[in-house]
């Protein structure tokens, strides 16, 4: 049988989709011969080959989507060697190609070549039609990132149905530097620092790769105060510390007044410093910074205009007291809207309900111009909570500037969201942190996927249009089930959790699935997620991790690990490359578990110093594997998690959004 | 300033070229804003943006080349923001894009994202026009290869001006397995063997990537003489059982010492009985079948079995020399392809027995065939100087030939071939096989490659395909740079090329590095390392105790270099940091090599083998970190093969 591919829509993502289809068809059917790709604009010979293009170009109804540019409909109607593979926008055409291949048995289980499962079999016809349940299914850079993993995750995203890629900061230097300087792994890897300029070039490279696939590109987030503070964009691209004593007076006037002082917050962190929002000049400068950037960057689908990071950093001046921080934020956003409208720019703006701006505005109202999307960012939430929708009735704390702590529980955060949406009916996106530090607390990785599944459904229930995960680009240790569950549930909230999990495990562990999953579940039980996130203390006075009863659990880990190691060493070689890779990751993970249990054995008995010492040795020792597995495992972020959250007693770091 | 890109030719390589141009322009000018790509057939607005397409579509003259489909002309005529970037074929358009970027300061020094040097600056107009000096500028898989490095080298090839990518074997499992089983590095890495099916899928993936860039795809080489007769030969030289030979097929295999069967158990080394018309018909049919199914193959290499002294000794076969039988077979193949109206291009190989030009037969269709000569066995201690007296060429004796080592002899054979074959000829070289490992400082060998290319045309060739590792970039990629640059433009001077590469790889440290490498090249003298200068051959190819003092100096030299590198390795340019770290690892490599050679030069074989094994195992711990650049499997094979075979210990379950 011969195969042909036609393109009826003329754009880069469809060109790319055709190349991808050809590549995977040739891999599935190595003896099927070459496959020609031809352009057939206007006249699609749908009986002669696979025809790729927009549903609109086929005359197929897309009215089920509110906005065809944003909403992804995948429409596939093929026989074994011909028919339509289409989508409601160019990106959806690419995703429809991957869906066609998935219906034919292909899977993408990790980023990169070794994460593919491509069966060798003749393709069969597919009928598939679905609009994604969530409009936004995204991933934002976080942790320590190499350019290799950035490019690989951009490539991976549409393969698993994600449609949004966000790059935080003008220069995402902070994250790149964490990788290239090999922070937390200097004993094993020579630091190789990179420059801001190099990182900016890499960001542009990523943007082009995102554009080539038609993915939505979301940009920036924090950092817009650079002009107002007369600083460079570099100095607002991460948690840069500057001196407080050389700020010119006229700049100082634009800064938030806290405890009687106008200066950089947190003793010099520019990114954590807000402007004095009632200062019209400061606001005008900030608005202008946004407008200028928007004008220069038409490839951005959504520009995130977020205030300073951190909390308790709002201006306490007399004028600012007239409105809440959120209200000042809304005033500024309306000014941005006016100016963009004045200049004829249709730039979409995302604003964040985050820390102080969780509190909805009362005195002012955001323009409903279609320009804005709300980003609901429940940073600090706990991941052991069970919340299924808006809470019945929760009394919200009255907001007092720089006194009221940000909401910690998800139900409280959702109550704030409800409050927001009473007045605001535009797009709402959730900015989540599942893949920041939190997934590391589930050592067996069998609890957290369910948490993600339930959370995604909860967010769907409360009417959020989608999610962006602030997460490491290397969150695949010991496997990628969490990401798999996230992307699939965001696309189709009706999917069955057990079937989803079984599908993933079957593809990565093959015949060893039951054994491996069995011991992973044991590990999740033994390490106990509640204990790992610090809510299982037997005596708070002795620390969040004091619980001598847990010693028995940690002592039991070794037997599980020893048995599993024997099993894996005997069985890790497999005909499917992805299974071999998964088994080797599982092997490395056993060492990780064994060492971690030894440390926690002391920690739970209050021997904090011994535990901390062992932990430091563990970081160095396990770090020796990083070069081998760094496509899957983010040693820097994992180590930061243990250091900041467990072994040094630091509760929450507000680094992240 | 706003930039736009227009495509006037509708094909995948031009689509890809436009994306590449956009990517690098945005990296060079991160504040220039987005760059739109549009299709503009027929009417290119050359004053409004960069217009990409074939020269033919732009109405430009391509008559300076013989075959525009094969010969690459790069034509660039732009201002700072607009103009033409074109080539004589789709691949050349892509190469013209890279050339345009290169004229604007970009360089690709190694495969992968860390091998790029992309300056941050506003681009300027470029005028450039050149037809490549050599038609074939290729790279063939060899050594131990991962799919990651295969894809990265395919991506890298057009960036440095290479236009041919060859994948040897129906299924290149042998090379892949070498990597994934981590042969020669089991002490550090857990073997992860891959299946033949997986490798075949990866081969198809590579083919798609090759085609996307419009590169010439050269396929197969050895293997036909058993593939045609249903004998599994998916593992190249790995012996198989006689039981794997279907009884119906045995009659077609070469008869040696009165028996028809596998040659030393290896399918790839087994010839067939070429005088048997039925066998030839089956052989031809299998090639035809493959050609029909693989129209993406630009050149199908139809070689005889590998190895030598393995030809059929039957009475009929003795009536002509193997080359005559080979040519007869090729003509029959041509007839059948012509009858089926297939324009498949065929490469025939000249080497071992077929080094002797045919006497009775003559190839008929010069449009169909490309001759390929592989001087396997040469030792690279000198370049081609002149042909030898033809009367001094060895006389062919069936299954009693000696593997030739002299390059002049090789090329005199080719001269004789040219008497009967006026068509094009490509040289299949082995610079990047094991030999480059014998020049620790790499500078001697870089010059050898340069000199070899300079003499190539005189020896009767129109290009090279390098049978070489996909990871020959240790401690740097100078050799590959020299290779690619000189094939494209032979007028380049060696010193200029060396200076250019070192400037981009080492920046302000280039003189230090150059001197350091020169010192190493001098101590690890290439002809000596290659086993060509023993003072007493009976005591081994490397016996020369007088070298002991030199080798003892290596530790001191590398220590000094290490200190310098550690103090200076961090650079604003990523590629320089990477180059310096590679060099740092290389100081350890050189130091251990020096310690080993101290024993080898004294003829202390046992001690040397002990030390060698420690070297191989110890240095292998760096492989995961530097494997994009360094092929530990092949490198150790090179050392074991020629210098110190080592003492392999049982490393089962190591790497855990």
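FYI, it's all coordinate maths here, none of it is from the lab. Nothing here was measured: the structure is a model prediction, and the numbers come from that model. Positions of Cβ are generated from backbone atoms using ideal geometry, with glycine treated the same way; all protein chains shown enter the neighbour counts.
Size estimate for the range A:81-188 follows the Kirkwood approach: the inverse of mean 1/r over distinct Cα pairs works out to 16.1 Å. If you restrict to DSSP beta bridges whose two residues both lie in chain A, what percentage is antiparallel, to the nearest 5? Around 30 percent of the beta bridges assigned by DSSP in chain A are antiparallel ones. When the Debye formula is applied to the Cα atoms of chain A, each taken as the same point scatterer, what base-10 log of I(q)/I(0) results at q = 0.06, 0.07 Å⁻¹? So the normalised log intensities work out to -0.34, -0.47. So what does log10 I(q)/I(0) come out to for the range B:547-588 at q = 0.24, 0.25, 0.30 Å⁻¹, using the Debye formula with one equal point on every Cα and no solvent? Cα-only, vacuum Debye calculation for the range B:547-588: -0.74, -0.78, -0.96.
Of the beta bridges in chain B, as assigned by DSSP with both residues counted there, near 30 percent are antiparallel. Remark on the range A:398-503: ratio of C-alpha radius of gyration to 2.2 N^0.38 Å is 1.19. Considering chain B, its Cα convex hull presents a mean projected area of 29.8 nm².
Mark the label point 7 Å from the Cα of residue A:69 along Cα→Cβ and return the residues of the range A:339-371 whose backbone N is within less than 15 Å of it. It comes to A:341, A:344-350, A:369-371, nothing else.
Our Cα-only numbers for the protein assembly as shown put the radius of gyration and Dmax at 32.6, 110 Å.
Shape analysis of the range A:122-236 yields a ratio of the Cα radius of gyration to the Kirkwood radius, Rg/Rh, of 1.08.
Quick check on the exposure proxy: order A:494, A:373 from fewest to most C-beta atoms within 10 angstrom.
A:494, A:373
Annotation: for a label point projected 7 angstrom from Cα along Cα→Cβ of residue A:363, residues of the range A:318-343 with backbone N closer than 13 Å are A:318-331.
Shape analysis of the range A:223-377 yields a ratio of the Cα radius of gyration to the Kirkwood radius, Rg/Rh, of 0.94.
Counting only Cα atoms, the size of the range A:1-119 along its three principal axes is 39, 31, 24 Å, in decreasing order.
Using DSSP, restrict attention to beta bridges with both residues in the protein assembly as shown and report what percent are antiparallel, rounded to the nearest 5. Of all bridge pairs located within the protein assembly as shown, approximately 30 percent are antiparallel.
Here the Kirkwood formula puts the hydrodynamic radius of the range B:432-562 at 16.1 Å, using every distinct Cα pair. Put in line by how crowded their Cβ is, counting other Cβ atoms within 10 Å and starting with the fewest, A:517, A:330 read A:517, A:330.
Taking every alpha-carbon pair in the range A:522-617 and binning the separations at 10 Å intervals from zero gives 16, 41, 26, 13, 3, 0 percent. Ranked from largest, the principal axis spans of the Cα set of the range B:6-102 equal 43, 26, 24 Å. Hey, rough spin-label estimate for residue B:493 and residue B:339, points 7 angstrom out along Cα→Cβ, what's it come to in nanometres? Rounded to a tenth, the inter-label distance reads 5.9 nm. Taking 1.306 mPa s as the viscosity and 10 °C as the temperature, the Stokes-Einstein diffusion coefficient of the range B:153-221 based on its alpha-carbon Kirkwood radius rounds to 121 µm²/s. If the convex hull of the alpha-carbon atoms of the range A:481-523 is projected onto planes in all directions, what is the mean projected area in square nanometres? The orientation-averaged projected area of the Cα hull of the range A:481-523 comes to 3.0 nm². What the Cα convex hull of the range B:209-315 gives, in volume per residue, is 105 Å³.
Which value in deg cm²/dmol, rounded to the nearest 500, describes the helix-derived mean residue ellipticity at 222 nm for the protein assembly as shown, given -39,500 (n - 2.57) per DSSP H run of n ≥ 4 and division by the residue count?
-12500 deg cm²/dmol
Each of A:587, A:94 was scored by other Cβ atoms within 10 Å of its Cβ. Arranged with the fewest first, they read A:587, A:94.
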